[in-house]
1. Taking residue 24, is it over 14 Å from the mean Cα position of the chain (by Cα), at pLDDT 90 or above, more than 15 Å from residue 53 (Cα to Cα) and exposed (fewer than 15 other Cβ atoms within 10 Å of the Cβ)?
2. I'm trying to understand the selection: among the residues of segment 27-46, which are among the hydroxyl-bearing types (Ser, Thr, Tyr), in contact with a strand residue (DSSP E or B) (Cβ under 7 Å, 6 or more places away or on another chain) and open to solvent by less than 70 Å² (accessible area, probe 1.4 Å)?
3. Within segment 1-19, can you find the residues that are farther than 11 Å from residue 34 by Cα and either loosely packed, with under 10 Cβ neighbours inside 10 Å or polar (S, T, N, Q) (or both)?
Amino acid sequence: MALTRERLEQLIARSTDIVVATDRKGTVVYYNDGASKVLGYKPDEVLGSFVSRFYPDIDEAKFQSLAKAAKEGCPVSKALSATEITLDAKLVS
């Protein structure tokens, strides 16, 4: 069974992975359901915006990923789950 373009587009749109496309200037032209769920922004909030407005640089993204993994399962982290921690280890209230 061949994968049609329509089916591929449906898979990408519904993927739990982040799929964001920009034009050459960095303006967001595509933003899927996975990106919405993971990053917390609705498509109408980001489409047409510059990508760095809502998506961190690679170091911040890596840090947030590691921090999220470290927090899961830790009782203290669960208590602080609503507290944002930045790359420079500052607590943001």
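The values are calculated or read from the model by the stated rules, or taken from the named source; none is laboratory data. For clarity, every value in this text was computed on a predicted model and none was experimentally measured. No Cβ is skipped: glycine too gets one built from the backbone with ideal geometry, and neighbour counts run over all protein chains shown. Quick note on the areas: whole protein, heavy atoms, side chains included, nothing else; ligands and nucleic acids left out. Shrake-Rupley method; radii C 1.70, N 1.55, O 1.52, S 1.80 Å.
1. Numbers: over 14 Å from the mean Cα position of the chain (by Cα): yes; at pLDDT 90 or above: yes; more than 15 Å from residue 53 (Cα to Cα): yes; exposed (fewer than 15 other Cβ atoms within 10 Å of the Cβ): yes.
Yes: the conditions hold for residue 24.
2. Within segment 27-46, 27, 31 qualify.
3. If the condition is that a residue be farther than 11 Å from residue 34 by Cα and either loosely packed, with under 10 Cβ neighbours inside 10 Å or polar (S, T, N, Q) (or both), then 1, 2, 3, 4, 5, 6, 10 are the ones that fit.
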